[in-house]
Amino acid sequence: NKPDRTNKPDRLKERIMERTREQFLEDRKSGIGGSDVAAVLGLSKWKTAYDIWKDKTGRAEQKDETSYQRWGILLEPSIADEFARVTGKQVQRRNNMYRHKVHTCLVANIDRYVVGEKAILECKTCNAFGLSDWGQSGTDQIPEYYMTQVQHYMYVTGYCHAYLAVLIGGNTFRWYSIPYNEELAEFQAAECVKFWNDCVVADMPPQITLND
């Protein structure tokens, strides 16, 4: 029988501290976060493993926040509120960084947690051209680069379920229910740990792809 993951608070190390945006970005360099996983696995539309390596080793150029990133941050509370209204679930913000107790290079910054469920909520925005990438509300049909993110967060925090809410094109709201996939989560965790040790710790860049 597989262990009950909902009763393992000792799986994570929680840093309880209020952080500014700058501190948040700096903390992300101390490990592989959920938004890094897809790039490490070669599944990201926006970044490559080489980009992640440059960022974690301090070689990346400092860039201004994009309008897409800014609006994603500004709309996050509204998306979380709409998820709570539609589903009847209570969510709370968790402004902490989690670090896996064993694989300390794996970190997580979740948007919200769902009260009473041992579940997380991630809030996203997407332009209208990406509508076809998303399934119907209530399913688990989300883009693979977001699937790797929520599976990573569940692996690090020990939570066994995730929800994802997305605002598409500014006026289409959908939400998704995603169970923990142990096989996928452990596979990608192993790949991220290997990347951290072989590339970041060893200061050796990963193989450059055509997208780099």
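The values are calculated or read from the model by the stated rules, or taken from the named source; none is laboratory data. Remember, it's a predicted structure, so these values are computed and weren't measured experimentally. Backbone-built Cβ (ideal geometry, glycine too); neighbour counts: all protein chains shown. Just so you know, the surface numbers come from the protein's heavy atoms only, side chains and all, with ligands and any DNA or RNA stripped out. Shrake-Rupley method; radii C 1.70, N 1.55, O 1.52, S 1.80 Å.
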Fill in the blank from the handout: Per the filter on segment 135-169, residues open to solvent by 30 Å² or more (accessible area, probe 1.4 Å) and either more than 22 Å from ASP36 (Cα to Cα) or touching a Cys at 6+ places or on another chain (Cβ under 8 Å) (or both) are GLN136, SER137, GLY138, THR139, LEU167, GLY169
Practice task
Taking the options VAL107, VAL86, VAL102, name whichever one is outside any helix (DSSP H, G or I) and exposed (fewer than 15 other Cβ atoms within 10 Å of the Cβ).
Solution key: VAL102
Practice task
Go through segment 180-199 and count every residue that is closer than 14 Å to GLN149 by Cα, open to solvent by 60 Å² or more (accessible area, probe 1.4 Å) and among the polar types (S, T, N, Q).
Solution key: 1
Exercise for the section: Report whether or not GLU186 is free of Cβ contacts under 8 Å to residues at least 40 places away in the same chain, farther than 24 Å from THR87 by Cα and in a helix (DSSP H, G or I). Expected result: yes
Handout entry: Check on GLU117, open to solvent by less than 40 Å² (accessible area, probe 1.4 Å) and among the acidic types (Asp, Glu)
Key = no
Exercise for the section: Go through (1) outside any loop (DSSP other than H, G, I, E, B); (2) surrounded by fewer than 16 Cβ atoms within 10 Å (Cβ to Cβ) one by one and return the number of the condition GLN62 breaks. Expected result: (1)
Practice task
For segment 133-145, state whether one or more residues are closer than 30 Å to ASN197 by Cα and among the aromatic types (Phe, Trp, Tyr).
Solution key: yes
Handout entry: Only listed residue being without any contact (Cβ under 8 Å) to a residue 60 or more places away in the chain, open to solvent by 60 Å² or more (accessible area, probe 1.4 Å) and polar (S, T, N, Q), chosen from SER132, SER177
Key = SER132
Practice task
Please identify the pairs in which a residue from segment 75-97 that is without any contact (Cβ under 8 Å) to a residue 60 or more places away in the chain has its Cβ atom under 9 Å from the Cβ atom of a residue that is of a type in the set (S, T, N, Q) and buried (at least 16 other Cβ atoms within 10 Å of the Cβ), counting only partners at least 6 apart or on another chain.
Solution key: GLU76/THR125; ARG94/ASN109
